[in-house]
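Below: the structure, in structure tokens.
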Amino acid sequence: MLKPVIELAGKKVLVVGLARTGIATALFCAERGAHVTATESRPESEIAETAEKLRAAGVILELGGHRAETFAEQDLIVPSPGVPTMMPALAAARAIGIPIWSEIELAWRFLRGRLICITGSNGKTTTTSLVGHILETAGLPVQIAGNIGTPLISRVDISSDSSFTVVEASSFQLESISAFRPDIAVLLNVTPDHLDRHGSIEAYGRAKARIFENQSEEDAAVINADDAIAPQYAPAEPRVFWFSRLKRVASGCYLRGDQFIFRSDGAESVLLDRNIIGLRGSHNIENVLAAAIAARLAGVEPAAIVEGVRTFAGVEHRIEYVATISGVEYFNDSKATNVDATLKALDAFPGNVLVILGGKDKGSDYSTLRAALRSRARMALLIGSAAQKIETDLAGVIPVERAETLARAVEMASRRAQPGDVVLLAPACASFDQFENYEHRGRVFKQLVRELEKTQAA
């Protein structure tokens, strides 16, 4: 694959936002001789250690706000994923022709080896981790990066011509690509999420679908045939492989009874049996179907796919078992940051769930939870700034109580739960009103449960 080359030496590069991705991008560009400026809305007092590290690398810092004139003076601007693309200074720079790239675009131009990129509203982290695990099980050189925790740009230097890089990509990252082109691109699903930023499900879907736009007939697109929206974004250029729990597909992988059937060029073969999957929830059947296709396209033999799926333990914060206390099971699904993810989490349990909902609203319609809550949940405990909206949307469906904080929610759940019940953190919201990120929220939940376990054992 020939990639468009960019020479960073001597270029003026502006990095916008100094969270994990911004820091990695600024250091990457500085190491390659660019004149790097980094701008951040937070004051230096809040990022003193980061500021010191970047200045030592020769990065110029503009902290406590963004200067429009700085944006207008650059050869390239790389905004962090959390920076809105229509930020006025970015819009003005775009209008005068300054390239604005996401970090994955810049990283891809330097990355070696083959790239498997996975996006979707839900299941990205599980599927990305599973693909990486299968490839590792098969003995292939592989690294995992992207929205899953490690910026792709941090993996460039350890990539090689023989390696695979498996990347989780968000809509925020994909909406600012230019030539970014995965060898294998996976679209798991498209359900309402981040509407506070994208404005509509259509705009959000278009951002996700950009994963396919630069692919050629040499590449592969993997798409969920059962999803209500994803199939409409099937591209014309790459080979399309479908996955389905519900029906036979022309090309791809589908579930027939308990068997995963891989179909390519009219020939069918059994890949694995669903009974070896250790993950809860029917949505994880879809994630395994998608991962199996990606691994098969990467050249992994069926036996290694079976072993990889069989030995995959799941990911932290995704329907993660924490403890059983007085006959009550506690599960951490802090990664359920939108309504559809919470629906999938509820579907993983037969009933008797006490669910903890709430956090920072993303423009969601929580009334779509009503049917699932009516059939699966005994009560909902609400936390965070979205509590009032959730309570209004769920009025009358199940008992709802305001807990305000996660600590109070765990304490209330422990008093109300009975043996055989499940206490499930599946918030349907972002975490940023009370926590640094969903990982922080999940870790706090697990700590609270473990403290409760010690108290009950005393």
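The values are calculated or read from the model by the stated rules, or taken from the named source; none is laboratory data. If you're wondering where the values come from, they're calculated on a predicted model, not measured in any experiment. FYI the Cβ positions are ideal-geometry reconstructions off the backbone, even for glycines, and counts take in every protein chain you see. Surface areas here come from the heavy atoms of the whole protein model, side chains and all, with no ligands, DNA or RNA. Shrake-Rupley method; radii C 1.70, N 1.55, O 1.52, S 1.80 Å.
Candidates in the stretch 1-25 are the residues that are touching a Leu at 6+ places or on another chain (Cβ under 8 Å) and over 16 Å from R109 (Cα atoms); of these, the one that is surrounded by the fewest Cβ atoms within 10 Å (Cβ to Cβ) is K12.
Pick from the stretch 412-442 the residues that are within 21 Å of I325 (Cα to Cα) and without any contact (Cβ under 8 Å) to a residue 40 or more places away in the chain: which of them is surrounded by the fewest Cβ atoms within 10 Å (Cβ to Cβ)? Checked the stretch 412-442; the qualifying residue surrounded by the fewest Cβ atoms within 10 Å (Cβ to Cβ) is R415.
When you look at E316, is it among the acidic types (D, E), open to solvent by 40 Å² or more (accessible area, probe 1.4 Å) and over 28 Å from Y204 (Cβ atoms), yes or no? So E316 fails the test. The set of residues from the stretch 230-243 being among the small types (G, A, S) and surrounded by fewer than 21 Cβ atoms within 10 Å (Cβ to Cβ) comprises A234, A236. Of all residues in the stretch 319-332, those that are open to solvent by less than 40 Å² (accessible area, probe 1.4 Å) and either in contact with a His (Cβ under 7 Å, 6 or more places away or on another chain) or without any contact (Cβ under 8 Å) to a residue 24 or more places away in the chain (or both) total 1.
Of all the criteria given as (1) within 22 Å of R112 (Cα to Cα); (2) at pLDDT 95 or above; (3) out of contact with any Gly (no Cβ under 7 Å at 6 or more places or on another chain), the one not satisfied by L54 is (1). Looking at this structure, is S41 open to solvent by 60 Å² or more (accessible area, probe 1.4 Å) and hydroxyl-bearing (S, T, Y)? Against the criterion (open to solvent by 60 Å² or more (accessible area, probe 1.4 Å) and hydroxyl-bearing (S, T, Y)), S41 qualifies. For beta carbons closer than 6 Å, sequence separation of 6+ or different chains, a first residue in the stretch 292-312 that is within 15 Å of G132 (Cβ to Cβ) and a second that is among the polar types (S, T, N, Q), the qualifying pairs are A304/T137; E307/T137; G308/T137.
Restricting attention to the stretch 130-165, the residues being open to solvent by less than 20 Å² (accessible area, probe 1.4 Å) and in a helix (DSSP H, G or I) number 8. Residues that are open to solvent by less than 70 Å² (accessible area, probe 1.4 Å) and out of contact with any helix residue (DSSP H, G or I) (no Cβ under 8 Å at 6 or more places or on another chain) were ranked within the stretch 92-101; the one that is nearest to A203 (Cα to Cα) is W101. Taking A409, is it small (G, A, S), assigned to a helix (DSSP H, G or I) and farther than 18 Å from N122 by Cβ? Yes, satisfied. So which residues in the stretch 73-91 are in a helix (DSSP H, G or I) and open to solvent by 60 Å² or more (accessible area, probe 1.4 Å), if there are any at all? Listed by number, the list holds a single entry, P88. Assessment of the stretch 348-371 against the conditions (hydroxyl-bearing (S, T, Y), part of a strand (DSSP E or B), modelled with pLDDT of 95 or more and surrounded by fewer than 21 Cβ atoms within 10 Å (Cβ to Cβ)) yields no matching residue. The single condition from (1) in a loop (DSSP other than H, G, I, E, B); (2) open to solvent by less than 10 Å² (accessible area, probe 1.4 Å); (3) closer than 18 Å to A24 by Cβ that L54 fails is (1). What number goes with the only condition from (1) farther than 23 Å from A203 by Cβ; (2) in a loop (DSSP other than H, G, I, E, B); (3) at pLDDT below 95 that T126 does not pass? Of everything listed in (1) farther than 23 Å from A203 by Cβ; (2) in a loop (DSSP other than H, G, I, E, B); (3) at pLDDT below 95, T126 misses just condition (2).
Residues checked against (1) out of contact with any strand residue (DSSP E or B) (no Cβ under 6 Å at 6 or more places or on another chain); (2) part of a loop (DSSP other than H, G, I, E, B):
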site	(1), (2)
L382	no, no
E391	no, no
G420	yes, yes
V423	no, no
F435	yes, yes
F445	no, no
K454	yes, no
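Would it be correct to say that T70 is surrounded by 19 or more Cβ atoms within 10 Å (Cβ to Cβ) and not aliphatic (A, V, I, L, M)? So T70 fails the test.
A quick yes/no check of all residues on (1) at pLDDT 90 or above; (2) within 17 Å of the chain's Cα centre (by Cα); (3) within 17 Å of P141 (Cβ to Cβ):
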| site | (1), (2), (3) |
| --- | --- |
| S163 | yes, no, yes |
| S170 | yes, yes, no |
| S176 | yes, yes, no |
| F180 | yes, no, no |
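Summed over the stretch 251-298, residues that are basic (K, R) and not in a helix (DSSP H, G or I) total 3.
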